[in-house]
1. How much length is gained on full extension from Leu9 to Glu47, taking 0.36 nm per residue of separation minus their Cα-Cα distance?
2. By average Cβ neighbour count within 10 Å, what is the ranking of 48-61, 28-41, 9-22 from highest down?
3. ³J(HN,Hα) across region 21-37 via Karplus (A = 6.51, B = -1.76, C = 1.60, θ = phi - 60°), whole Hz, x for Gly/Pro?
4. What is the set of long-range amide H partners of Asp23 at a cut-off below 5 Å, with H atoms built 1.01 Å from backbone N?
5. In whole Å, what are the Cα extents of region 1-54 along the three principal axes, biggest one first?
6. Under 17 Å from a label point 7 Å along Cα→Cβ of Asp57: give me every residue in region 1-16 with its amide N that close.
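Any read-out appearing in this document is the output of simple, stated calculations on the displayed coordinates, not a laboratory observation. Please read these numbers as outputs of a predicted model, since none were measured by experiment. Please note: Cβ atoms are built from the backbone with ideal geometry, for glycine as well, and neighbour counts cover all protein chains shown.
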Amino acid sequence: MNPFLTKDLYFASYLYCCGCELDSVSKKDGITMFVFDRTSRLCELVETYFSRNALVDPIKYDEALKTLRNLALGPKSVKRDLPSLVAA
């Protein structure tokens with residue numbers, strides 16, 4: 001497994017909002033790291049984000065941001081029992 005890590009809350013919220021699998025959230029020395037499963041979809045979203053062509057549902061993004069902010073402020077680390085924003 002080759003995880004994708006970011007400490008950028010807004011970028012992580014974008015990935016999460018777009019349905020990327022959030023594997024875990026961990027903290028070390030006051031830095032929160034969001035760990036995602038690296039997939040071809042995630043790689044496409046990274047490229048879209050950094051080329052400034054990303055489009056998201058603003059309400060879904062707001063929900064993702066609030067969820068990840070709460071995880072960042074919560075316990076030292078969280079693994080896999082994370083809420084999903086992807087409609088079933």
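1. 12.0 nm
2. 9-22, 28-41, 48-61
3. 6, 8, 7, 6, 10, 9, 10, 8, 6, x, 9, 9, 10, 9, 10, 10, 6
4. The answer is Val35, Phe36, Asp37.
5. Largest to smallest, the principal-axis extents are 33, 24, 16 Å.
6. Taking a point 7 Å out along Cα→Cβ of Asp57, the residues of region 1-16 whose backbone N falls under 17 Å are 13-16.
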